[in-house]
1. Taking a cut-off of 15 Å, what percent of all Cα-Cα pairs in segment 37-76 are separated by more than that?
2. How large is ³J(HN,Hα), in whole Hz, for each residue of segment 136-145 in order, when computed from phi with the Karplus curve 6.51 cos²θ - 1.76 cosθ + 1.60 and θ = phi - 60°, using x for Gly and Pro?
3. What percentages make up the Cα-Cα pair-distance distribution of segment 73-133 when the bins are 5 Å wide from 0?
4. Just want to confirm a number: the relative contact order over the chain, from Cα pairs under 8 angstrom separated by 6+ residues, in percent.
5. What is the gain in length, in nm to one decimal, between Tyr39 and Thr100 on full extension, counting 0.36 nm per residue of separation less the C-alpha to C-alpha distance?
6. Among DSSP beta bridges lying fully in the chain, give the percent that are antiparallel, nearest 5.
7. Excluding ligands and nucleic acids, what accessible area in Å² is computed for Ser101 using a 1.4 Å probe, to the nearest 10?
8. Ratio to report: Rg/Rh of the chain, with Cα atoms as the point set and Rh obtained by the Kirkwood method; give two decimals.
Amino acid sequence: MFWKNKKGTFGYIEKQRRWEIIKTLLMFGISIALYGAGYLATKSNKNLLTLAAVLGCLPASRSAVGMIMFLKAKGCSKELREVIGDGAKGLSERYDLYLTSYAKNFQISHLVMKGKSLIGITEQEGFDEGACYQHVKTLLSQNGFRDITVKIFRERGKYLERLKSLRESEMEDNGEFNEKVLELMENLSL
């Protein structure tokens, strides 16, 4: 569908943010139009169109919550994507993941999986590496993925070095397993 954006691709959060804004405004616009039509027709608030307008505010409000989450989320910057370039070529990768937990939210700009190593980079200010590590390990464990090493980098240089070493490593590359882990991360993100 033209309005759906594929999770895990570069630019997903930005495109989805636009869609969520349009959808929310449209839903509230319909409720306001229904209320206005009912009021103009009966010169009173006591009509079925007012009831329909009020009930229409429920899904519109739910959509507004999603919109607010996407307004808070930040995706991978174009600059970082250019720096990564072909560094992850041949590896299973995802962009623009935004994981939410009860205590904190974690922006992961780029995520790569090979063998039993899951590495990523964040551009988030004040990123709590320990909390993110614990959250991701818990999510993986709850879904039957164990013994996976998780590391989220904040420094580009170190991340690019690790990407290079992963790409050149002789470690077994189980593409199907990697994709399942990354699909899980994708499904659990915003």
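The values are calculated or read from the model by the stated rules, or taken from the named source; none is laboratory data. A quick note: this is a predicted structure, and the numbers were derived from the prediction, not measured. Cβ coordinates were reconstructed from backbone atoms using ideal geometry, including for glycine residues, and neighbour counts include every protein chain displayed. Surface accessibility is based on the protein's heavy atoms, side chains included, excluding ligands, DNA and RNA. Shrake-Rupley method; radii C 1.70, N 1.55, O 1.52, S 1.80 Å.
1. On the way: 436 of 780 pairs.
Taking all Cα-Cα pairs of segment 37-76, the fraction more than 15 Å apart is 56 percent.
2. 5, 4, 5, 4, 5, 5, 4, 9, x, 9
3. Reading upward from the zero bin: 4, 17, 29, 24, 17, 8, 2, 0.
4. Values: 256 pairs, mean separation 39.9, N = 190.
About 21 percent, as a whole number.
5. Working: separation 61, 0.36 × 61 = 21.96 nm, distance 4.16 nm.
Going from the current span to full extension adds 17.8 nm.
6. Details: 14 of 19 bridges.
Bridges in the chain are about 75 percent antiparallel.
7. 40
8. Values: Rg = 21.3 Å, Rh = 18.7 Å.
Rg/Rh for the chain comes to 1.14.
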